[in-house]
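What follows is a short report on a single structure.
The values are calculated or read from the model by the stated rules, or taken from the named source; none is laboratory data. These figures come from a predicted structure and were not determined experimentally. We place every Cβ from the backbone using ideal geometry, glycine too, and count neighbours over all the protein chains shown. These area figures cover heavy atoms from the full protein model, side chains too; ligands, DNA and RNA do not enter into them. Shrake-Rupley method; radii C 1.70, N 1.55, O 1.52, S 1.80 Å.
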Amino acid sequence: MTSLPTFTAKDFKSDLKPIWCPGCGDFGVVQAIYRALAAIGRPPHEIAFISGIGCSSRIPGYTTAYGFNSVHGRALPIAQGIKLAKPDLLVLAAGGDGDGFSIGGGHVPHAIRRNSDITYVVMDNQIYGLTKGQLSPTSPRGLKTVTSAYGSLENPVNPLSYVLAYGAPFVAQGTPADLPGLAAVIEEAIRYPGFAFVNVQSPCVTYGEAEQQIKAHKARMKPLATLGHDPGNLVEAFRLAQAYGAELHTGVFYRNPDPPPTIESMVRVRQRELSQGALPRGRILDLFVQH
Ligand SMILES: Cc1ncc(C[n+]2csc(CCOP(=O)(O)OP(=O)(O)O)c2C)c(N)n1
Ligand code: SF4
Ligand SMILES: [Mg+2]
């Protein structure tokens, strides 16, 4: 009897050396992804990892999975296309708060309502890191940046409420300040059969606020499990999500206990149904040939 291969975190680490600033939270996120993928046990060549543009979007290159560092805000459309064409692949999408909720914000609802079987990890540092510290959609009101010298006048987007409102069946949050906890929620997200969203509070050490750094996260974080939260309770998930920005809740906010069908499974059923009534190939060509 042949035994199945087992993987360690190292098997998912590429030879490319990250060029993130020393101390960037994204180092912790990629470590958590290595651990989660090792626990899942799929070989790197069965994984497609798609990102947009930003510091965080460099992440696929630091893994041994097939990667595509694509276009700003377009990780989800590309990931959905790949999953639809090759449903057997494990498809991950990732990027920043700007990538996901500014330029790419219009794609999130549609990936959710299709329930594409993708795990989407957002590295939420409340700033545009790559372009040197402009306001992002999750920047808190009052934040002073290069584009808001007197303080931001805008309310932040709440990524947790956003995805819950569109019906995401799996919603979680983590921080690299708790690496085992972050790896566990990413693993659970990957195992969930449908669209799974993980918001990672990933500190930007260069442009981010002092209270958003690892040390502060360690002091502030409140694991949902210790609050007795039942992830099957959507109303309670919405209530807890409202505290985004004020509290640092970690763990699973919502896991739909009755996973809805994915777009990939519905397309396969439709293809099978239609192929039964389809004309044979030769007859189709005949329709276009003038006799
Ligand atoms: C179409 C387009 N518009 C703008 C940019 C410039 N740009 C690159 S990354 C980025 C924002 C990055 O912020 P975020 O997505 O939060 O990622 P982070 O760098 O913080 O990880 C912007 C505005 C671009 N590359 N393409
Ligand atoms: S600028 Fe911020 S987000 Fe970008 S690599 Fe540096 S610390 Fe990380
Ligand atoms: Mg950002």
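So the values come out like this:
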quantity: Leu84 vs. criteria more than 12 Å from ligand 1 (Cβ to nearest atom), in a strand (DSSP E or B) and within 18 Å of the chain's Cα centre (by Cα); calculated: no
quantity: Filter result for Arg114 (more than 12 Å from ligand 2 (Cβ to nearest atom), in contact with a helix residue (DSSP H, G or I) (Cβ under 7 Å, 6 or more places away or on another chain) and either of a type in the set (Asp, Glu) or open to solvent by 10 Å² or more (accessible area, probe 1.4 Å) (or both)); calculated: yes
quantity: The range 66-77, subset within 23 Å of Tyr192 (Cα to Cα) and open to solvent by less than 10 Å² (accessible area, probe 1.4 Å), residue nearest to ligand 3 (Cβ to nearest atom); calculated: Ala75
quantity: Lys218, sole failed condition from (1) within 16 Å of ligand 3 (Cβ to nearest atom); (2) out of contact with any Cys (no Cβ under 6 Å at 6 or more places or on another chain); (3) under 24 Å from Ile59 (Cα atoms); calculated: (1)
quantity: Conditions (1) touching a strand residue (DSSP E or B) at 6+ places or on another chain (Cβ under 8 Å); (2) over 16 Å from Gly73 (Cα atoms): number failed by Ala149; calculated: (1)
quantity: Failed condition for Val91, given (1) away from ligand 1 (no atom under 14 Å from the Cβ); (2) part of a loop (DSSP other than H, G, I, E, B); (3) of a type in the set (A, V, I, L, M); calculated: (2)
quantity: Test: residue in the range 119-126 that is within 15 Å of ligand 2 (Cβ to nearest atom), in a loop (DSSP other than H, G, I, E, B) and in contact with an Asp or Glu (Cβ under 7 Å, 6 or more places away or on another chain); calculated: yes
quantity: Condition check for Leu143: part of a strand (DSSP E or B) and in contact (Cβ under 8 Å) with a residue 40 or more places away in the chain; calculated: no
quantity: Unique residue being touching a residue at least 40 places away in the same chain (Cβ under 8 Å), among the hydrophobic types (A, V, I, L, M, F, W, C) and surrounded by fewer than 20 Cβ atoms within 10 Å (Cβ to Cβ) when the list is Ile40, Ile59; calculated: Ile40
quantity: Per-region count, the range 233-280, residues among the basic types (Lys, Arg), modelled with pLDDT under 95 and surrounded by 10 or more Cβ atoms within 10 Å (Cβ to Cβ); calculated: 0
